Each structure stands twice: as structure tokens, then as C-alpha cells.
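Okay, so here's the structure we're looking at.
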Ligand code: ADP
């Protein structure tokens, strides 16, 4: 509360309010109107005295302060009187609304002049000096009093009522703090909180929607995966069935091929049987005549000649044994896996086996057996069957040809090849010769079944080799059998 000291002193002198001095009897020496005042008497007792009063329409606050002498006793009193109007001048209209009430509860000082001399009339009203009552709606919020009024446009309509006693000056101070800024702040905070809640709600909604969409997509996906898995399982089962059927078919085919091979061999044997029986018959006849000759030479006492005949008989028997051994080997059903085979031995055996057929057709043979073993991958009997088939085919083809010569040659290198070149008319349809049942030989006559080359093809392939038939540039047919060399590491 600003105190205008100059104003105070002016008023003091103007009203001739003075300090009373005198150590003996201060009360007796004080001006009469001052001596009985409570503030003066309080100052005499050594404390600050304050009095409120209205004089001539002026509101005055009187302060009396003691002045102590060397002995510690009050030696004099300084009295100051403050005109409240002066005090309120700078203060008028400022915020918040403030007033001070005196001991009787009347507004004595305020920054809202319309409230001057009002007093509280119970809990829900204020009373103006004329006795008019103005209502106050009082609410209690969190232990605080909230006033709602419409007495003045300069007093907040809704205000926080704060009151505190001021015992030093003998007044109560009251402040009416406008609720509007707090409300605005609260509204702003509520708006912010609402916005945040809305934002979070929107986020939550979006997340939920996203989750729902994902769940839906997931369900669709799972259904699709399920359907696809079912379809795949069915396809898998069908494939397994097909594989099983295929394996069974392959097994049947293998059996049929084996039977065909055997049938082919038997057919070849049938074709060769006339020649073979002739081949066996010849040495047999020779043995018979050599035996007769031997007997005759013995009768004539010519043992050296008889021994010669016996030697010839032995040679003939060896030849027959070789023919029979080849025949037995040829007829044998070979089921051994691919193994090491000496190409020279197999070719020699095929050449010997077909000797009668060649002789019958008047075919000359050009063939140099390799001196050292030539090891290839194959099966002795099956490879022999291929070579016998190629030689008999060549003999068949050259029947009636002017020149009848068959050349068999082994060529080293990788892969190793054996060529059979004849001087026949050549192959009619080279691209069809390996087809089963393809033959140009009179079937009705029982000459050809058209199986020899297709069986040979399968056999050579099972050894990892190839067989080719073509017409030679100079005429005639040339068959090439390529075989893999036998390498010990590979076999291991
Ligand atoms: P087949 O001897 O029972 O006819 P193959 O499969 O052995 O059966 O031969 C098929 C066909 O290939 C023969 O009918 C023939 O037309 C042809 N052929 C095979 N070898 C020769 C060859 N050296 N010269 C000409 N044609 C051949």
C-alpha cells in the first residue's frame, strides 16, 4: 500500500494533527481529541497504533508510532494520518478487485469505488450503504469460495474469493480474482487434451482398422495357402502315383527288353543255326574221315601218318569246342552290371560265331585283332550280340553285291570306336534303322524281325556308348560303335 509521505505531512499540518511530547505526562500534554484515541494510547504503550475513521466525509487512517527515550520509556508519539482517497488514487481500476474491511466488516479501502462502505450480509449477499442488498451466489470448489455476482461491470462476474485478516492494521483484506483467465486456460487445456485424445483415438482407430484389415488379409491368405497346400498335396499324391506307375512301367519295359534281347538272340541263333550246323558238321565229317584214315594208316603199319591224322582230329575237335563255347556264351542271358571287357576278345568271338554266315554269303573279312587287350565298359555277351548283329546285317546286305567285303576296325582315342564297313548297297532309310520292327528284309519269309538294331542301340547305350549307322561316301554302309574306355579309378 503506497503511503504518500508528503501528502500525509501536508494533511497532518493542515489538520494540525501533531505529536505530543514530554517525558512526564505524555497523555496529559497531548491534544485533547488525540489523547483518547486508541492508536495514540497504543503508541504510549510502546506499540504501533492504527485507527480508521471517517471525518467530514474523509476516510482517514491514523498511525501512531512511539518514540523511546534513553531510559527505554516512551518519550513522545509520532502521529500520521493518511487520506485513503489519496491512497486509492493510483490504485483505482487495477486488477484484481481488492477491498479492505474494517472491524465492522464495512469496505473501507478498495480499488473499485462502487464497493465503498458495502458490507457482507450473511453468506449469499452484500449490502450497500443505503441498505440495498445484492445477491452473491457462493460455490465451494476444492475448499475455495467462488463468487458469482452482477453488481458491477468492473467486478468480475465469477471470481475466486480470497480473504485474509490483517491484524496489524485491524482490517481484513479481500481479493476477487477473475475466474475467466483460469476458465480460458482450462478450456484451452481441455481443448488440447481433447485434441490429443482425438488424435490418439484416431491413431487407435487407424491401428485397429489396420489390424482388422491385416487380419482379414491374413485369413484370406491362410485360406489360399490352405487351398494351395491341399491342391499341392493332391498333385503330390498324383505325382507319386504317376512315379509308381512309371517305375512299374519301366520295370515292365526292362523285363520286356530283356525278353526281347533274348528273343533277338534266339532269332539270330535260329538264323545262324543252318550255318552253325554246317560249321559243326564239316569238322565232324573231317574227324570221321581222319579217323578212318588213321585206322587205315595203322593197318598199313604207317604210324607216323596215323599220328598226323590224329593231330588233325584234335585240331578239328578244338575248333568244334570253340564254336560250341561261343554259341553257349551267346545264348547265355547276361544280367551282370557293366564291367571290364576286352574288346579284341569280344570282336574275335563274334567274328568266329559268324564265320559260317560270311562264308555262305561269300564275304571276305578285313580284320586285325588288337594285339594288346583293349578294355572297355560293357558286358561280354551283350556286346558280342551287338557285333554279331552288325556282321550278319552286313552279310545280309551284301548278298548279291559284286564286291562283298567287310572291314572291321578298332580306333583308339576317347571314346574308343569300332567301325563295320561293308560294300553292300547302303542303308535305305538311315533315320529309321534303329526303330523297333523296322526291316527291309522279307518278313513273310522269316528273314527279319526289325529288332536287331533297336536292341543293339539299347545295349550300347546301357554301356554309356553310342551306335550310329550311315552310308559311306564311296558306297556301302558304315556302322560306328563308340564305347567308353575302362578306367580303374572310374570303376572304383
Ligand atoms: P533285321 O535285320 O531283322 O531287318 P535290324 O534291326 O537288324 O533288323 O535291321 C533293320 C534294317 O536296317 C534292315 O532291315 C536293313 O534295312 C537296315 N540295315 C541294317 N544293316 C544294314 C547294312 N549293313 N546295309 C544296309 N542296310 C542295313
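Here is a list: 386, 346. Which entry is within 26 Å of residue 487 (Cα to Cα), within 15 Å of the ligand (Cβ to nearest atom) and in contact with a strand residue (DSSP E or B) (Cβ under 8 Å, 6 or more places away or on another chain)? First the steps, then the outcome.
Values: 346 fails: within 15 Å of the ligand (Cβ to nearest atom).
None of the other options fit; the residue is 386.
Cβ-Cβ below 8 Å, separation at least six or inter-chain, first residue in segment 431-457 and in a helix (DSSP H, G or I), second crowded, with 19+ Cβ neighbours inside 10 Å and at pLDDT below 85: which pairs?
Cβ pairs passing all conditions: 452/264; 452/268; 455/261; 455/264.
With the structure loaded, tell me whether residue 85 is under 16 Å from residue 37 (Cα atoms) and either in contact with a strand residue (DSSP E or B) (Cβ under 7 Å, 6 or more places away or on another chain) or in contact (Cβ under 8 Å) with a residue 24 or more places away in the chain (or both) or whether it fails that test.
Numbers: under 16 Å from residue 37 (Cα atoms): no; either in contact with a strand residue (DSSP E or B) (Cβ under 7 Å, 6 or more places away or on another chain) or in contact (Cβ under 8 Å) with a residue 24 or more places away in the chain (or both): yes.
Judged against the criteria, residue 85 is not a match.
Only residues that are surrounded by 15 or more Cβ atoms within 10 Å (Cβ to Cβ) and either more than 20 Å from residue 388 (Cβ to Cβ) or modelled with pLDDT of 90 or more (or both): list them for segment 311-335, please.
312, 313, 316
Is it the case that some residue within segment 452-468 is at pLDDT 95 or above and within 13 Å of the ligand (Cβ to nearest atom)?
Yes, some residue in segment 452-468 is at pLDDT 95 or above and within 13 Å of the ligand (Cβ to nearest atom).
So, of the residues in segment 24-45 that are surrounded by 13 or more Cβ atoms within 10 Å (Cβ to Cβ), touching a strand residue (DSSP E or B) at 6+ places or on another chain (Cβ under 9 Å) and assigned to a loop (DSSP other than H, G, I, E, B), which turns out to be modelled with the lowest pLDDT?
Step by step, filter segment 24-45, then rank; the result is 30.
From the list 321, 306, 372, 356, which residue is on the phi < 0 side of the Ramachandran plot and touching a residue at least 40 places away in the same chain (Cβ under 8 Å)?
Numbers: 321 fails: touching a residue at least 40 places away in the same chain (Cβ under 8 Å); 306 fails: touching a residue at least 40 places away in the same chain (Cβ under 8 Å); 372 fails: touching a residue at least 40 places away in the same chain (Cβ under 8 Å).
The match here is 356.
Looking at (1) touching a helix residue (DSSP H, G or I) at 6+ places or on another chain (Cβ under 8 Å); (2) closer than 14 Å to residue 480 by Cα; (3) more than 12 Å from the ligand (Cβ to nearest atom), which is the only condition residue 391 fails?
Among (1) touching a helix residue (DSSP H, G or I) at 6+ places or on another chain (Cβ under 8 Å); (2) closer than 14 Å to residue 480 by Cα; (3) more than 12 Å from the ligand (Cβ to nearest atom), the lone unmet condition for residue 391 is (3).
Which one is farthest from the ligand (Cβ to nearest atom) among residues in segment 398-425 that are out of contact with any helix residue (DSSP H, G or I) (no Cβ under 8 Å at 6 or more places or on another chain) and in a loop (DSSP other than H, G, I, E, B)?
414
The values are calculated or read from the model by the stated rules, or taken from the named source; none is laboratory data. These numbers come from a predicted model, not from an experiment. Cβ: placed from backbone, ideal geometry, glycine included. Neighbour counts: every protein chain shown.
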